[in-house]
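**Q** Okay, handing you the structure first.
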Amino acid sequence: MNFVALTLPLSPVKNCQLYQKFLMSEGTYDLIILGGGPAGYAAGIRAGQLGKKAVVIEMERAGGTCLNWGCIPSKALLKSAETFQNFKHAEDLGISCGDISYDFEKIIQRSRGVADQMGGGIEFLFKKNKVDYIVGRGMVRTAEEVEITEGKDAGKIVTGGKVMIATGCKPRSLDKVAVDGERVMTSREALAMKKQPKSIAIMGAGAIGAEFAYFLNAFGTKVTLVEMLPKVLPVEDTEVSDALLKSFKKQGIDCRTSTRVDKIEVKDKSVVLSMAKGDDTEQLEVESLLLAIGVVPNLEGAVSEDLKLELDRGYLKVDENYQTSTPGIYATGDIVGPPWLAHVATYRAIQAVNGMFEHSKPIPFDAFPGCTYCQPQVASIGITEEKAKDEGFDYKIGKFPFAASGKAVAVNHSEGFVKVIVDEKYGEILGAHIIGSDATELITEYGLAMNLEATVDEIHGTIHAHPTMSEALAEAAAAAHGEAIHI
């Protein structure tokens, strides 16, 4: 046989590319994917559906940050908080519950269990679609080769026809503030916190900050939410942000907008923040600090130093086919830049795979839903009223409060409203914004309408079942023409 050369002394041969390729006996893949999150695992499954041989390389468990340390476990925590709050207010529905207690450790454990269950589901889908799965860290060497640099397969080379980088993002931290998981946390450490802090400062009032503020406050932690910009959920419509701020303050969350943090001092049993708002300064001492100040691209160790891929502010730059500056190497998901949303990452990945294997040309997206799962929930799609003004649109507003919805009042969730921004001339839906119970579920109707280029009149003309929360969507559409019945 021709393998005699492998009997030579191993010290010089172990670094031999031929030897490494021999060890990786799976053969050549059609697609090698770095990262097993919503982009990576979706890309692998879609490639499998197209009859292609794909492999997903993921350092941790399948599902990536979203499933293991983000979207899914955080929603499990929020459900516990919402349920606890519902019991506390059961008297409003004529139900006496007595003293209600909770086990914070069990709440955290349940969320971890949900993540584990869903991770196992992704691994099942890999098997179902004949997608290989390597637990380890990969580094792209060329458009045809990926080296496994960490894990049990370290040192091996995986070869393929195409490579996709879907390594996503990681929480942004501060250079001079060490994350220890107790005094200072990012969202990852917060999802596995050992005990509930009595007080916490949360830096950043975006979706992650708002969700953790609601969760911890619901169980009695004294929460101070600090945001440098003038409003909470800065990317949302101002009217929605103002409504959430009012609700958070009513719930007991101390919200500090237009406030910067100038200094952070970590002590043995507390964290001291030196804050400033305009000319006013103050110090805040809390038990813990949660950094929810955004994300940064997760490219460290993913690309060989010899391979120069073009970047845009640290993110991989791609063309309309999701191909990088090096032919044969693609990138998708959060690693190509905002919006950093799991559903957008999955969409991008599927479009990229369809395109690279000539199944269909990638379709760009213009509108995508953004969701925040605190209570009240916030969801939106399209442009805000502020942007409509800035871009010179001739528009009108349709707005309907849940307080006028029979179903919302009946289920004791009458907080919030639906707001739709409509082109004056043609009735095109430019944007939709919802704050209230089930907002993250309701937004899909407006997303579908915008995708089909439906007008606000077609939303109004669609019969919505009564009584439902979704009736508010039709009433808001009608309100754009002054035709809402219930206001």
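Every number here is computed from the coordinates shown, using simple stated rules; none is lab data. All of these numbers come straight from a predicted model, not from anything done at the bench. Cβ coordinates were reconstructed from backbone atoms using ideal geometry, including for glycine residues, and neighbour counts include every protein chain displayed.
**Q** List the extent of the Cα atoms of segment 89-130 along each of their three principal axes, largest first, rounded to whole Å.
**A** Largest to smallest, the principal-axis extents are 53, 23, 9 Å.
**Q** Check V296: other-chain or 5+ apart residues with amide H under 5 Å from its amide H, H built from backbone geometry?
**A** Answer set, sorted by chain and number: K170, R172.
**Q** I need the GluC sites (Glu not before Pro) found in segment 195-260, filtered to DSSP loop residues with at most 12 other beta carbons within 10 Å of theirs.
**A** none
**Q** With N set to the number of residues, divide the alpha-carbon radius of gyration of segment 184-293 by 2.2 N^0.38 Å and report two decimals.
**A** Segment 184-293 yields a ratio of 1.00.
**Q** Less than 17 Å apart at the alpha-carbon level, and either on another chain or at least 8 residues along: which aspartates and glutamates does that give for K387?
**A** E236, D237, E239, D242, D366, D423, E424, E428
**Q** Just to be sure I understand: if I project the alpha-carbon convex hull of segment 303-424 onto a plane and average over all orientations, what area do I get in nm²?
**A** Orientation-averaged projected area of the Cα hull: 11.4 nm².
**Q** Now a separate question. Using +1 at the C-beta of Lys and Arg and -1 at the C-beta of Asp and Glu, which of I459, A190, A403 has the Cα lying farthest in the positive direction of the dipole of the chain?
**A** A190
**Q** Follow-up. Loop-only trypsin sites (Lys or Arg not before Pro) in segment 397-487, please: DSSP not H, G, I, E or B, and at most 12 other Cβ atoms within 10 Å.
**A** Filter output for segment 397-487: K425.
**Q** Let me ask something else about it. Count charges around G427 for me, please; just the other residues with Cβ under 11 Å from its Cβ, Lys/Arg as +1, Asp/Glu as -1.
**A** Here the charged neighbours net out to -4.
**Q** Follow-up. Just flag the GluC sites (Glu not before Pro) in segment 259-316 sitting in loop per DSSP whose Cβ has no more than 13 other Cβ atoms within 10 Å. Walk me through the numbers on the way to the answer.
**A** On the way: sites: E265, E282, E285, E287, E300, E305, E310; in loops: E287, E300, E305, E310.
Here the GluC sites (Glu not before Pro) that fit, given the DSSP loop and packing criteria, are E300, E305, E310.
**Q** Please state the equivalent ellipsoid semi-axes for segment 379-435: what are the square roots of 5 times the Cα gyration tensor eigenvalues, largest first, in whole Å?
**A** 26, 11, 8
**Q** Whole-Hz ³J(HN,Hα) for each residue in segment 164-173, computed from phi via Karplus 6.51 cos²θ - 1.76 cosθ + 1.60 with θ = phi - 60°, x for glycine and proline: what do you get?
**A** With the stated coefficients, segment 164-173 comes to 10, 9, 9, 7, x, 10, 9, x, 6, 10 Hz.
**Q** Below 9 angstrom from the Cβ of R141, what's the summed charge of the other residues (Lys, Arg +1; Asp, Glu -1)?
**A** -4
**Q** May I ask you to derive the relative contact order of the chain, considering only C-alpha pairs under 8 Å and at least 6 residues apart, and to give it as an integer percent?
**A** Relative contact order here is 13 percent.
**Q** Still on this structure, please answer the following. Report, in deg cm²/dmol and to the nearest 500, the calculated mean residue ellipticity at 222 nm for the chain, where each DSSP H run with n ≥ 4 adds -39500 (n - 2.57) and the sum is divided by the residue count. Numbers along the way, then the final one.
**A** Details: 15 runs with 154 residues, N = 487.
Theoretical 222 nm ellipticity from helices: -9500 deg cm²/dmol.
**Q** Using just the C-alpha positions of segment 376-479 as equal point scatterers, what log10 of I(q)/I(0) does the Debye formula give at each q in 0.18, 0.20, 0.23, 0.24 1/Å?
**A** With one equal scatterer per Cα and no solvent, log10 I(q)/I(0) is -0.77, -0.94, -1.22, -1.31.
**Q** Using square roots of five times the C-alpha gyration tensor eigenvalues, list the equivalent-ellipsoid semi-axes of segment 229-382 in whole Å, biggest first.
**A** So the three semi-axes of segment 229-382 are 38, 22, 12 Å.
**Q** Based on the mean of other Cβ atoms within 10 Å per residue, sort peptides 79-88, 55-64 so the most packed one is first.
**A** 55-64, 79-88
**Q** May I ask for the equivalent-ellipsoid semi-axes of the chain, computed as the square root of five times each C-alpha gyration tensor eigenvalue and listed largest first in whole Å?
**A** On the way: eigenvalues 365, 174, 90 Å².
Largest first, the chain gives 43, 29, 21 Å.
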